[in-house]
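We did not get these values from a lab; they are worked out from the coordinates using the rules stated. Model, not experiment: these values are computed from the prediction. Here the Cβ positions follow ideal geometry from the backbone for every residue, glycine too, while neighbour counts run over all protein chains shown.
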Amino acid sequence: MSQIILTGDRPTGRLHVGHYVGSLRRRVELQNSGEYDKIFIMIADAQALTDNADNPEKVRQNIIEVALDYLSCGLDPEKSIMFIQSQVPELTELSFYYMNLVTVSRLQRNPTVKSEIQMRNFEASIPVGFFTYPISQASDITAFKATTVPVGDDQLPMIEQCREIVHKFNSVYGETLVMPKALIPENESCSRLPGIDGKAKMSKSLGNCIYLSDSEEEVQKKIMSMFTDPDHLKVSDPGKIEGNTVFIYLDAFCRDEHFAKYLPDYQNLDELKAHYQRGGLGDVKVKRFLNAVMQEELAPIRSRRKELEKDIPAVYEILRKGSAEAERTAAQTLSEVKRAMKINYFDDMELIREQAKRYSEG
Ligand code: TRP
C-alpha cells in the first residue's frame, strides 16, 4: 500500500519553535527520507475560521506567513504538496456525509475540543463549525488517503476520532477509506515545548513564543529571559531540572556534538543536568549554551525566509499549484465515497436500467 502523509496547521499566526520541534522538523525529515509516496501539507484556513469567523483578515494575512515558514524550514514543493484547505471544496462535502456517522455526545467527549472550549470561554456559545471541526479534520485526512499523520500529541484525540469515522464508514458502506495513524515525536519535550515563561503552552496571546521568523537578537533576548527554577537563586544552589524551561528546550534542541562545539567542559546533556542539580552551575551559562544551539538551528531557516520574502508571488503560485493537485486527489476520493454511499446516480448505468425495467414491467 502506498504511504501517504497529510498534516497541517491553522494560519492564525507565524509558526514558532513549538511547531518546529513538535512537527515541522519531523515533516522535513520524512519528506527527505524517500519513504513516502506522497506528502500533503495543508494550511487549514477553513478550520481557523471555525473560531475566528469575525476575523477573516487575520486568517488571510497568516496564510503567507505559514507558507514562508514551511518553505524556510525545508519543505520542498517538488516533494511535498502544499495547499490551502478552503481551495479544496471536496473536503467540505465529505464532512457533510461524515457528520451522519458521529454523535453529539462523542464530539462533546473529545478532550481537545473540551479543553479548547474552556480556553476560549465558549461554553454555551460554541459555534457549530468549531464543535464539529474534528469531523472536518477527518475529511482532511481521509480525502488524501493518508496513512500517516505527523502531529503533536494534542492532536491525538483528533486522529482517534478520525479512525472511528473511518471504521464506521467502512463498516456501513463497505471498505472505502484508508485507516490513518498518528506519528508523534518520540521525545516528550518536543511534544510539549512550553512558552518562555514556563507556561504549558506557547501562545501568541500570552506573548511567550519564540517564532521561527524572530531575529537573532529577539531569540537571544527571549532565551536570556526564560523561566528557570525560581528557587535557584545563587550559582551554588542546587537547581531543579523538572519544569525548567531552559532544560526542556535543551532536551528538544541539543545534541552531543553541540557540547564539543560550544561547551566542551561537558560531554552531553546528562552531565550538564547533573551539575545543575548538584549546584555550582549558573542559569546564564546554560542559557548562553541554549542560545548557541538554537541560533545554529534557526539561522539557516531565517536566511532562507529572507530569500523567499523577495518573491511573494512565487510563494502564492506554489500554493495555487498545490491546491489544484490536492483537489484532484480529493475529488477522486469523494467519487469513491459517493459510489460507496450509493449517491452516484448519474454514473450508475445499472441503476438507471433497473429503474427503467421496473417501470416498463409495472
Ligand atoms: N488541528 C490542527 C492544528 O490545530 C490543524 C489541522 C487541520 C490538521 N486539519 C488537519 C492536522 C489534519 C493534521 C491533520 O494544528
Check your understanding: For the pair GLN3 and GLU175, how long in nm is the line joining their label points, each one 7 Å along Cα→Cβ?
Key -> 2.2 nm
Study note, to complete from the structure: Rounded to the nearest 500, the 222 nm mean residue ellipticity computed for the chain from DSSP H runs (n ≥ 4, each -39500 (n - 2.57)) alone is -16500 deg cm²/dmol
Revision key, fill the gap. Among beta bridges assigned by DSSP with both residues in the chain, the antiparallel ones amount in percent, to the nearest 5, to 5 percent
Check your understanding: Which length gain, in nm to one decimal place, applies between VAL104 and GLU218 when the Cα-Cα distance is subtracted from 0.36 nm times their residue separation?
Key -> 36.6 nm
Exercise for review: Among PRO194, PRO300, PRO11, determine the one that fluctuates most according to a GNM of the chain built with springs between C-alpha atoms less than 10 Å apart.
Suggested key: PRO300
Practice item. For ALA182, enumerate residues with amide H under 5 Å from its amide H, sequence gap 5+ or separate chain, H modeled in the peptide plane. Key: VAL149
Exercise for review: Can you tell me the relative contact order of the chain? Whole percent, Cα pairs under 8 Å, sequence separation 6 or more.
Suggested key: 21 percent
Check your understanding: In whole angstrom, and with the biggest value first, how far do the Cα coordinates of the chain range along each principal axis?
Key -> 97, 44, 40
**Study point:** Inter-centroid distance (Cα atoms) of the stretch 153-201 relative to the stretch 82-97, Å
**Key:** 19 Å
Check your understanding: Running Debye on the stretch 81-142 with equal point scatterers at the Cα sites and no solvent, what base-10 log of I(q)/I(0) appears at q = 0.26 Å⁻¹?
Key -> -1.11
Point to revise | Low-density loop cleavage sites - trypsin sites (Lys or Arg not before Pro) in the stretch 179-221, where at most 15 other Cβ are within 10 Å (DSSP) | key: LYS199, LYS201
Point to revise | Gain on full stretching of the segment that runs from HIS167 to ARG320 - 0.36 nm per residue minus C-alpha separation | key: 51.8 nm
Exercise for review: Rank ALA330, GLY174, SER80 by how far each Cα sits towards the positive end of the charge dipole of the chain (+1 on Lys, Arg Cβ; -1 on Asp, Glu Cβ) and give me just the farthest.
Suggested key: GLY174
Practice item. Quickly work out the SER303-to-ALA260 label distance, labels modelled 7 Å from Cα along the C-beta direction, and quote it in nm with one decimal. Key: 2.2 nm
Point to revise | Distance from the stretch 257-277 to the stretch 295-321 (C-alpha centre basis), Å | key: 34 Å
Exercise for review: Would you please give the residues with an amide H less than 5 Å from that of PHE40, counting only those at least 5 places away or on a separate chain, with H modeled from the backbone geometry?
Suggested key: ILE5, LEU6, THR7, ILE81
Review point. If you wrap a convex hull around the Cα atoms of the stretch 216-308, how much volume per residue is inside, in Å³?
Key: 92 Å³
Check your understanding: What is the gain in length, in nm to one decimal, between LEU233 and GLN267 on full extension, counting 0.36 nm per residue of separation less the C-alpha to C-alpha distance?
Key -> 9.7 nm
Review point. With each label point set 7 Å from Cα along the Cα-Cβ vector, what nm distance links TYR345 and LYS201?
Key: 4.5 nm
Practice item. Beta carbons within 10 angstrom, averaged per residue: use that to sort the peptides 282-288, 347-353, highest first. Key: 282-288, 347-353
